[in-house]
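The values are calculated or read from the model by the stated rules, or taken from the named source; none is laboratory data. A quick note: this is a predicted structure, and the numbers were derived from the prediction, not measured. A quick note on method: Cβ atoms are made from the backbone with ideal geometry, for glycine too, and the neighbour counts reach across all protein chains shown. Quick note on the areas: whole protein, heavy atoms, side chains included, nothing else; ligands and nucleic acids left out. Shrake-Rupley method; radii C 1.70, N 1.55, O 1.52, S 1.80 Å.
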Amino acid sequence: MKTTTRTLSGLGMLITLGIVYGDIGTSPLYVMNAIIDAAGRRGMTAATPIMLGSVSLIFWTLMLITTIKYILLAMRADNRDEGGIFALYALVRTQAKWLIVPALIGGAAILADGTLTPAVTVTSAIEGLKGQMIGPVHFSVNQGWVLLVVTGILLGLFLIQRFGTQMIGWSFGPLMLIWFSFIGVMGLQNLLAVPGMLRALSPVYAVKILFSPVNRQGIFILGSIFLATTGAEALYSDMGQVGKRNIYGTWPFVYAMLMLSYLGQGAWVIRHGAALAAAHPVNPFYAMVPARWQWFAIVIATIAAIIASQALITGSYTLVHEAIGLKLLPRLRIKFPGNVKSQLYVGAVNWLLCAVTLSIVWFFQTSSHMEAAYGLAITLTMLMTTLLLHAFLLQRGHRVLAQVYVVAFGLLESLFLVASLAKFVHGGYVTVLLTLAILTVMIFWHAGNLRRDAHLAEAENVSLMDFVPQLDALSQDDQVPPFATNLVYIGHVGTDYAVKRATVYSILDQQPKRAKVYWFVTVNETDTPYECAYTVEQLGSRSVMDVQLYLGFKKPQRLNVYLRQIVNDLLKEGLLDDQTPRYSSIPGRRVGNFKFVMLNQQFQDLGAQEDLPTLDRLLIGGRLLLQRISLSPQRWYGLAFSDVVEERVPLFIGHQPDRTLRRNRVE
């Protein structure tokens, strides 16, 4: 999909509608409802100034944040055509060390707030069935059955993720085209009855409503208005799947349809304000649709909500994958059920997201309660993106633009953040707690790595070349019992043959390990799905091998299979000495046994590290704990049935002497 949608084309724009705009495209389902609930339905008897001001705020919020910030500015900050807060951080992280802070906060917030999107969109769509009739079937206004249906839809959506959604994805575009066309036409039909609503396009009404006495919320009305642009960050993150040109080509259409829907809903509320104040809660989105189109509206809204949820789920996978690559999160099992790298599946994330989303559905019960909590954390993400974009503009030499940008959007988004703080007591604390939980994991993993590395002396990285003579001698030493024919260490061998001291410590000091051949393997993941290649370098010896393995993201990590094949290739070329085992059940076998050593670097005793500051002990200890509960190297490299030795080695090789130790003379 990725390669066919890079350039501007009709097909590319159609697919873009299905992939990119699910979140922001379903906002009309709940934004106006949230505004009315926050303002008070009784206040809708004088709805004209509130509706003119609210729709004006929506128009200019979409103009400033979505169009100018994300479409025109942020999408220029692409990292090899990829977007999103982590891709942006990867571009600017060399500018200043503190930029990791907005990256961590923003990434944690968008993951946390994303759990509300599937819940609120699907619930809003299904609630349209309340009070409806299908032939003899009458749907009650009771919320219980709505929760059951929403749970079934979301559970089914999470269940199918492991099988891949590429084929379904191709149908999303036409369905979203129908959705946007429908909401635009319905909005236009109601707008024609109150053409004066077009005055809302003037910024004057946006400013006036903030200070008008009819607006009892004051600036806190912005907390509801902000919901109209919550999908802007996801739009930036999905840029890599479809290409920025197709987003440029489709946004004017999407923007127009969204505004027609909001204008139409505003017109309907102006016409029916008195009835709205007296009736039981009514969603203006469904209320403005003629009776004969009600069923179609509910069906297409449910489909659009599912598409939006799917986009958030796959977006979470991508975000986690990027975080793992930047070493901000522990390593998790990642599968690629599709044929493109953007189609991935992270089981742990999927089921955690499923559990949290369903818990939110049952905790908040109704979409109106979810709306009251929605959007708080995402304002943090947008503010953090602003800081990173400021660094990007400075990096590109646009100093004046950078200063104007950070002041203008920093103030604007800070205003939205302050307005959204009112949501904290209404359920916003849920996403804040989720954000803090994710942020804590990121901090322990990232900062724990940094503090550990800071305490490691430069000598902890050594040149493998310096130890080749010893490895050669050990390989030939008959006085040392044989440990393995092929002894394999998986890690990173740098261009200068640098390896961790712990690796050679394990071979020479922990227990001298005699092997016929020592293999030092570096696994490199490539962007080509099925690439499977290697380079091998003999380090001046037939006993020491540096292997660089290049595996496509679709290739399974079966290192035992690949290494056996590499050994066979080198034996055929005469680059290795014969390994034919004396005893074997396999006729013609020429390859000896393999033993994989996995190094588990640990503190000898965290509490005993007196020279280590308390905070560093806490961070490094937390990082080691996460390492123990995350995916094991054996499973990651497909070595579940191989001879694997997990060896504990000290995190810091060598001990500093304790100067307080004294010898007492015996009388």
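Observations on the model:
- Difference of contour (0.36 nm per residue) and Cα-Cα distance, Glu573 to Arg663: 26.3 nm
- Taking 0.36 nm per residue of separation and subtracting the current Cα-Cα distance, fully stretching the chain between Val645 and Leu626 would add 4.8 nm.
- Prolate/oblate/rounded call for segment 434-579, Cα gyration tensor, a/c under 1.5 rounded: oblate
- Environment charge of Leu227, counting only residues whose C-beta is closer than 14 Å and scoring Lys/Arg +1, Asp/Glu -1: -4
- Taking all protein chains as they are arranged and a probe of 1.4 Å, the heavy atoms of Ile334 leave approximately 30 Å² accessible to solvent.
- In plain terms, the chain from Arg589 to Ser541 could stretch by 14.9 nm, reckoned as 0.36 nm per residue minus the Cα-Cα distance.
- Placing a pseudo-label 7 Å from each Cα along the Cα-to-Cβ vector at Asn461 and Gln395 gives an inter-label distance of 2.1 nm.
- Per-residue SASA entry for Glu82, accessible area with 1.4 Å probe, Å² rounded to 10: 50
- Globularity ratio of the chain, using Cα Rg and 2.2 N^0.38 Å: 1.15
- A simple spin-label model places the labels of Ala498 and Leu411 4.6 nm from each other, with each point 7 Å out along Cα-to-Cβ.
- Solvent accessible area, Å² - Tyr550, 1.4 Å probe, full protein context: 80
- Kyte-Doolittle at least 0.0, axis length at least 18 Å by Cα - qualifying DSSP helices, the chain: 47-61, 100-113, 144-159, 166-191, 244-271, 294-325, 347-364, 376-395, 399-420, 428-455, 559-572, 614-629
- Shape call, segment 346-448: gyration tensor on alpha carbons, a/c limit 1.5: oblate
- Gap separating the Cα centres of segment 496-556 and segment 245-268, nearest whole Å: 54
- Beta bridges per DSSP with both ends in the chain, % antiparallel, nearest 5: 35
- The Thr151 and Val299 beta-carbon pair, evaluated with R₀ = 25 Å, returns a calculated FRET efficiency of approximately 0.85.
- Label-to-label distance, nm, for residues given as Ser181 and Gln470 (7 Å Cα→Cβ offset): 7.3
- Set Lys69/Lys335; Lys572/Lys595; Lys327/Lys500; Lys327/Lys595; Lys335/Lys572; Lys500/Lys595 screened for pairs whose C-alpha atoms are more than 25 Å apart: Lys69/Lys335; Lys327/Lys595; Lys335/Lys572
- Cα gyration tensor, segment 34-123 - rounded (a/c under 1.5), prolate or oblate: prolate
- Proximal charge balance of Val480 [Cβ under 12 Å; K/R count +1, D/E count -1]: 0
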